[in-house]
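Peer 1: Supplied in structure tokens, the structure appears directly below.
Read-outs throughout are calculated quantities, based only on the coordinates presented, and are distinct from any laboratory measurement. Being a predicted model, the structure only gives us computed values, none of them experimental. Quick reminder, even Gly has a Cβ in these numbers, built from the backbone with ideal geometry, and neighbours come from all protein chains shown.
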Amino acid sequence: MHELSITESILEIALRHAAEAEAEKITDIHLVIGKLSSIVDDSVQFYWDIISDGTAAQGAVLHFRRVRIEIVCQACGESYHPEELDLSCPACGSRDVRVVAGEEFRLEAIEVE
């Protein structure tokens, strides 16, 4: 359910930037979402279709770009991209790791007319 508040924030940001640019219509929204984030694309899209109705963003297409997980092992320095949620280092088995990518969530671009 947290997707509703996230989607409301996306809409607020997009409308504010469109107004600053004196744009009449928002056509596309580009979102970057890390695979470790708990954000569900379909839920964001569902809420977007409801809350953008009647605004300059109505009908805007949401583009989702998922960022794969990248981990660096603090013990041996190995950099890797786990496909599963087991983040242990494949080289040495350590769990002393640092997430370098995969937790992102940002509005990357807004296209307007």
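Peer 1: Does Glu108 satisfy being in contact with a strand residue (DSSP E or B) (Cβ under 8 Å, 6 or more places away or on another chain), of a type in the set (D, E, K, R) and under 18 Å from Leu36 (Cβ atoms)?
Peer 2: Judged against the criteria, Glu108 is a match.
Peer 1: Given (1) hydrophobic (A, V, I, L, M, F, W, C); (2) in contact (Cβ under 8 Å) with a residue 12 or more places away in the chain; (3) in a loop (DSSP other than H, G, I, E, B), identify the lone condition not met by Leu85.
Peer 2: (2)
Peer 1: Right, something else. Would you please name the residue that is farthest from Ala14 (Cα to Cα), looking only at residues in region 26-49 that are β-branched (Val, Ile, Thr) and in contact with a Leu (Cβ under 9 Å, 6 or more places away or on another chain)?
Peer 2: Residue satisfying both the conditions and the ranking: Ile39.
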